[in-house]
């Protein structure tokens with residue numbers, strides 16, 4: 001049956017428990033684990049001022065929490081062409097938890113932008129409707145499990161690194177954490193997903209969401225470290241662990257400049273050779289990190305001084321770059337996000353942006369404008 005639904009925040013649906021032990025004892029509710037705060041960010045360092053309009057300088061971060069939920073359904077129903085990206089947790093028919101991605105506002109905005117919100121005309125007014133298929137669950141899970149799956153983490157490198165892996169912080173709350181099943185996005189994990197789980201020493205049983213709807217008798221839901229946005233503690237938590245296991249901790253940026261020709265999935269520069277010719281005399285090497293293991297990517301970025309890259313998920317590799325490194329991101333005009341501006345600033349790095357034009361052949365950009373930003377970055381280093 002196709003139903004409409006709305007969001008309810010975890011903290012409105014569940015009682016607040018005094019401590020996590022109450023939830024382990026069988027009670028349903030939520031426990032705050034870290035207080036919310038405001039992140040004040042420095043503005044971008046390099047680029048034409050006209051390219052930098054609208055980048056936010058302040059981010060509001062919500063409380064981090066863990067919730068224990070009984071008798072819930074995790075639903076992957078989502079219209080084509082996004083059949084595996086939606087992970088809503090239904091606590092009752094027509095009620096999904098808002099905090100399964102970031103927060104209620106960002107969740108609702110994404111649903112509309114991704115075409116998951118339908119519209120109906122009632123009394124001459126156009127009303128938004130969120131729709132889902134309230135079918136019988138395909139899978140029933142009896143043992144208590146921890147939900148790691150969230151939007152876009154099935155195949156997107158950045159969302160896996162920055163959104164899903166940091167939820168592992170909740171394992172520290174469990175006495176026998178290695179035995180707790182983890183709910184992951186899909187039965188088939190990409191090589192980078194398998195590699196990072198191994199590197200972090202995760203040996204827990206995995207429950208893949210390889211069906212449309214899964215019913216859980218008891219589900220633990222950890223928030224991000226930052227409901228609402230990427231936070232400093234979130235980036236530092238996952239970044240420090242991955243840098244340690246890949247052996248790239250500490251040190252100052254090296255003399256290497258990196259030109260990222262493109263990201264996995266086809267996103268890249270329309271003419272990377274034109275950029276490479278201009279950047280080569282400045283010591284830049286052209287790389288395609290998507291062809292490398294995560295450990296190799298870590299070593300590559302740990303020695304970087306300045307990185308020039310098209311906007312894309314691979315820029316999450318700035319997690320491995322030293323604090324004095326710089327990212328110059330080339331973004332499609334009118335489509336740019338501030339995800340990696342946030343990441344670099346939270347990591348104490350420098351950031352610049354140059355706008356380009358997206359086309360079928362790739363991202364086109366004025367090479368002179370890129371070079372101007374690179375020169376600024378090299379002078380400031």
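The values are calculated or read from the model by the stated rules, or taken from the named source; none is laboratory data. Please read all numbers here as calculations on a predicted model, not as lab measurements. Note that we place each Cβ from the backbone using ideal geometry, even for glycine, and neighbour counts take in every protein chain shown.
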Taking residue 121 and the conditions (1) surrounded by fewer than 19 Cβ atoms within 10 Å (Cβ to Cβ); (2) within 22 Å of residue 207 (Cβ to Cβ), which numbered condition does it fall short on, given that it satisfies the others?
(2)
When the range 43-63 is checked residue by residue, the ones that are closer than 14 Å to residue 231 by Cα and either touching a helix residue (DSSP H, G or I) at 6+ places or on another chain (Cβ under 8 Å) or in a loop (DSSP other than H, G, I, E, B) (or both) are 56, 57, 59, 62, 63
Please indicate, with yes or no, whether at least one residue in the range 200-210 is surrounded by 22 or more Cβ atoms within 10 Å (Cβ to Cβ) and at pLDDT 95 or above.
no
Say we look at the range 151-164 and pick out the residues that are surrounded by fewer than 23 Cβ atoms within 10 Å (Cβ to Cβ) and in contact with a helix residue (DSSP H, G or I) (Cβ under 8 Å, 6 or more places away or on another chain); which of these is modelled with the highest pLDDT?
158
Does residue 7 fit the bill of being closer than 30 Å to residue 119 by Cα, in a strand (DSSP E or B) and either modelled with pLDDT of 80 or more or in contact with a helix residue (DSSP H, G or I) (Cβ under 6 Å, 6 or more places away or on another chain) (or both)?
yes
Output the number of the condition that residue 221 fails; it satisfies all remaining conditions of (1) under 24 Å from residue 321 (Cβ atoms); (2) buried (at least 19 other Cβ atoms within 10 Å of the Cβ).
(1)
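Within the group 21, 17, 25, which residue is free of Cβ contacts under 8 Å to residues at least 60 places away in the same chain and touching a strand residue (DSSP E or B) at 6+ places or on another chain (Cβ under 6 Å)?
Working: 21 fails: touching a strand residue (DSSP E or B) at 6+ places or on another chain (Cβ under 6 Å); 25 fails: touching a strand residue (DSSP E or B) at 6+ places or on another chain (Cβ under 6 Å).
Result: 17 is the single residue among 21, 17, 25 that is free of Cβ contacts under 8 Å to residues at least 60 places away in the same chain and touching a strand residue (DSSP E or B) at 6+ places or on another chain (Cβ under 6 Å).
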What pairs come up if the first residue lies in the range 327-350 and is at positive phi and in a strand (DSSP E or B), the second is modelled with pLDDT of 90 or more and surrounded by fewer than 24 Cβ atoms within 10 Å (Cβ to Cβ), and their beta carbons are under 8 Å apart, counting only those six or more places apart or on different chains?
none
Conditions (1) under 18 Å from residue 99 (Cβ atoms); (2) in contact with a helix residue (DSSP H, G or I) (Cβ under 8 Å, 6 or more places away or on another chain): number failed by residue 170
(2)
In the range 195-202, is there at least one residue being within 27 Å of residue 246 (Cβ to Cβ), assigned to a loop (DSSP other than H, G, I, E, B) and touching a strand residue (DSSP E or B) at 6+ places or on another chain (Cβ under 8 Å)?
yes
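Filter the range 6-19 for residues that are more than 23 Å from residue 232 (Cβ to Cβ) and crowded, with 17+ Cβ neighbours inside 10 Å; which is farthest from the chain's Cα centre (by Cα)? Working first, answer last.
To start, the set of residues in the range 6-19 that are more than 23 Å from residue 232 (Cβ to Cβ) comprises 6-9, 12-19.
Among the residues that remain, those that are also crowded, with 17+ Cβ neighbours inside 10 Å are: 7-8, 13-14, 17.
Working: 7: 21, 8: 22, 13: 25, 14: 26, 17: 28 Å.
In this case the residue turns out to be 17.
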I want to confirm something. Restricting to the range 291-309 and keeping residues that are in a helix (DSSP H, G or I) and in contact (Cβ under 8 Å) with a residue 40 or more places away in the chain, which single residue is nearest to residue 191 (Cα to Cα)?
294
